[in-house]
Structure formats: structure tokens, C-alpha cells
Amino acid sequence: MGRVAAIGEQVRVAGFALAGVAVLLAEEPDAVRAAWRTLPEDVELVILTPAAADALGPEPSEAAAPLSAVMPP
């Protein structure tokens with residue numbers, strides 16, 4: 001079973017760490033893209049903040065893996 005990661009602004013994703021989610025803090029678009037490129041291979045689900053999803057554009061939805069989900073605004 002793979003891991004879950006969350007990418008985005010600290011105020012939106014920090015709490016996920018309490019549930020064992022790998023939290024990748026990224027406040028700026030370049031940091032979001034860098035976090036996405038460096039995801040560990042065992043990550044199967046990435047939770048994105050709306051700003052992180054905007055920074056990545058269509059890349060997550062076009063990728064075969066990992067699955068991504070965008071938090072509601």
C-alpha cells in the first residue's frame with residue numbers, strides 16, 4: 001500500500017501530518033512544481049490545495065500515477 005502526500009500552503013496542509021500524510025509545504029508556484037517532481041515513488045495519492053493545483057496546471061490529471069485530489073476552496 002502506498003503513501004499519501006499533501007502539497008500546498010502550510011495553513012491548509014499542516015494538519016494532514018497528524019494523520020501520517022507526507023506534507024510538502026509549498027507557498028509559491030515554483031515550490032509546488034518542485035515538490036511534485038520530487039514525490040517519492042511510493043506515493044499513490046496527492047492532496048493538493050487549490051493554489052497548488054493551479055500552479056501545476058493539467059499535469060496531475062494527465063499523469064497515470066499518482067492519483068491527485070484537490071481540496072475545496
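The values are calculated or read from the model by the stated rules, or taken from the named source; none is laboratory data. Keep in mind that what you see is a predicted model, and the values were worked out from it rather than measured. As a convention, Cβ positions derive from the backbone with ideal geometry for all residues, glycine included, and neighbour counts pool all protein chains shown. These accessible areas exclude ligands, DNA and RNA; they are computed on the full protein's heavy atoms, side chains included. Shrake-Rupley method; radii C 1.70, N 1.55, O 1.52, S 1.80 Å.
Just a few scattered comments:
- Residues of the stretch 42-68 that turn out to be in a loop (DSSP other than H, G, I, E, B) and open to solvent by less than 60 Å² (accessible area, probe 1.4 Å), as a count: 4
- Annotation: of all residues in the stretch 15-41 being open to solvent by 70 Å² or more (accessible area, probe 1.4 Å) and not in a helix (DSSP H, G or I), the one that is farthest from MET1 (Cα to Cα) is GLU28.
- Exclusive hit being open to solvent by 50 Å² or more (accessible area, probe 1.4 Å) and touching a residue at least 40 places away in the same chain (Cβ under 8 Å), set MET71, MET1: MET1
- Checking each residue in the stretch 1-14 for being in a loop (DSSP other than H, G, I, E, B) and more than 14 Å from MET71 (Cβ to Cβ) picks out MET1, GLY2.
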